[in-house]
Amino acid sequence: MLLGLGSVLVSALLSVPLIRFSLFPLLRRTTELKSSPVGELSEFSSLTEPVMRTIQIGQVDGWRKTISEEIVYVTKDSQGQLRVLTSICPHLGCTVPWNKEKNQFVCPCHGTTFAADGTRISGPSLRGMDTLETSVEQGQLQVRFQYFRQLVSDKEVIG
Ligand code: FES
């Protein structure tokens, strides 16, 4: 009787890691976002206007790995430091292109305009274009892509 109880207990204890391993993808709630390479740092040393780059975003959801693409702009802030902007309009999410003639970003949907560094100039958007976290690894500019809440004046990460 005692021996039987002991083996049930040992079996139950041994199965805990196996159950956790099997359920890991289902229980995991956060999505792991990795940094994406944007280009060699030297490519952006003499920027005179924002340059568009399409980055690949690797996402891990439990056991599932996906790759998606997003458009970002590499530009400079008022101190001349590199900054990477998402092209997603903070108003309602349209893709904002750089308008070379106007020397501004002009959103095609409702006309919000942004300066080269992403600051809002005019239009319905309540804030400037969103900056993304950057880092440099072995001479490569890396960016951590994130999505932000639209229609609010403060930048708020939603994923
Ligand atoms: S979506 Fe860009 S101004 Fe409305």
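The values are calculated or read from the model by the stated rules, or taken from the named source; none is laboratory data. Computed from a prediction, not measured in an experiment: that's the story for all the values here. Virtual Cβ from ideal backbone geometry, glycine too; neighbours counted across all protein chains shown.
Given ILE71, ILE57, which one is crowded, with 16+ Cβ neighbours inside 10 Å, in a strand (DSSP E or B), touching a residue at least 24 places away in the same chain (Cβ under 8 Å) and under 20 Å from the mean Cα position of the chain (by Cα)?
ILE57
Are any residues in the stretch 87-112 under 22 Å from the mean Cα position of the chain (by Cα) and more than 8 Å from the ligand (Cβ to nearest atom), and if so, which ones?
Passing the criteria: SER87, ILE88, THR95, PRO97, TRP98, PHE105, VAL106.
Given the criterion away from the ligand (no atom under 16 Å from the Cβ), touching a strand residue (DSSP E or B) at 6+ places or on another chain (Cβ under 9 Å) and at pLDDT 95 or above, identify the matching residue among GLN142, GLN59.
Result: GLN142 is the single residue among GLN142, GLN59 that is away from the ligand (no atom under 16 Å from the Cβ), touching a strand residue (DSSP E or B) at 6+ places or on another chain (Cβ under 9 Å) and at pLDDT 95 or above.
Give the stretch 145-157 a look and list any residue that's part of a loop (DSSP other than H, G, I, E, B) and within 16 Å of the ligand (Cβ to nearest atom), or say none.
TYR147, ARG149, GLN150, LEU151, VAL152, SER153, LYS155 - these are the residues of the stretch 145-157 that are part of a loop (DSSP other than H, G, I, E, B) and within 16 Å of the ligand (Cβ to nearest atom).
If you take the residues of the stretch 74-86 that are over 16 Å from GLN140 (Cα atoms), away from the ligand (no atom under 15 Å from the Cβ) and in contact (Cβ under 8 Å) with a residue 12 or more places away in the chain, which of them is farthest from the chain's Cα centre (by Cα)?
SER78
What are the pairs, 6+ residues apart or on separate chains, where a residue within the stretch 99-112 that is closer than 16 Å to MET52 by Cα and hydrophobic (A, V, I, L, M, F, W, C) has its Cβ under 7 Å from a residue that is more than 8 Å from the ligand (Cβ to nearest atom) and assigned to a strand (DSSP E or B)?
PHE105/TRP98; PHE105/ASN99; PHE105/THR113; PHE105/PHE114; VAL106/ASN99; VAL106/THR113
Looking at (1) surrounded by 20 or more Cβ atoms within 10 Å (Cβ to Cβ); (2) within 15 Å of the ligand (Cβ to nearest atom); (3) within 13 Å of the chain's Cα centre (by Cα), which is the only condition LEU132 fails?
Failed condition: (2).
Looking at the stretch 39-53, can you tell me whether even one residue there is within 18 Å of ILE158 (Cβ to Cβ), within 16 Å of the chain's Cα centre (by Cα) and either surrounded by 12 or more Cβ atoms within 10 Å (Cβ to Cβ) or within 16 Å of the ligand (Cβ to nearest atom) (or both)?
no
Could you tell me whether ILE121 is in a strand (DSSP E or B), touching a strand residue (DSSP E or B) at 6+ places or on another chain (Cβ under 7 Å) and over 20 Å from VAL38 (Cβ atoms)?
Taking the combined requirement at face value, the residue satisfies it.
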